[in-house]
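Here is the structure we will look at, set down as structure tokens.
The numbers here are math on the coordinates, done by the rules we state, and not lab data. Source: prediction; values computed, not measured. Methodologically, a virtual Cβ is constructed for each residue, glycine included, from the backbone with ideal geometry; neighbour enumeration extends over all protein chains shown.
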Amino acid sequence: MAVFREQEPDWDSIPEDELNETFLERIEGLKEMFPEPLLKSVSSVANWTTWFASNTFWLTKSAVWVFATTGMIMVLPYALENENAEYQKKESEHQRQVLLGPTSAISSAKAGQ
């Protein structure tokens, strides 16, 4: 009994401009080239890397938010109060200089040393 086989095309006889293959088809064709355990391990590493990058980004984003808000709540009032105290000190020195004259500024500078 004769078995009739459908002939596969001879790829060398087909002109290059008729072989339209997309990039995705070429990648899909490469799957046949590598063994299954290698494909699974590469896929596993890629999935783990994606998970790690995503979680690292989330953790970093949260840490930056916590430190920024903590800094604003704890440090900003102190800095503003310190600046306000300096302003009041300079204002009182200026007022004393206006009331008592320029010699009071010199005497207060000597007294501060």
Placing each pseudo-label 7 Å from Cα in the direction of the beta carbon, residue 30 and residue 73 end up separated by a distance in nanometres of 5.0
Work out, in µm²/s and without decimals, the Stokes-Einstein translational diffusion coefficient of region 23-104 at 20 °C, 1.002 mPa s, Rh from Kirkwood over C-alpha pairs. 111
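How much length, in nm to one decimal, is gained on full extension between residue 98 and residue 47, taken as 0.36 nm per residue of separation minus their Cα-Cα distance?
Details: separation 51, 0.36 × 51 = 18.36 nm, distance 7.36 nm.
Contour length minus the Cα-Cα distance gives 11.0 nm.
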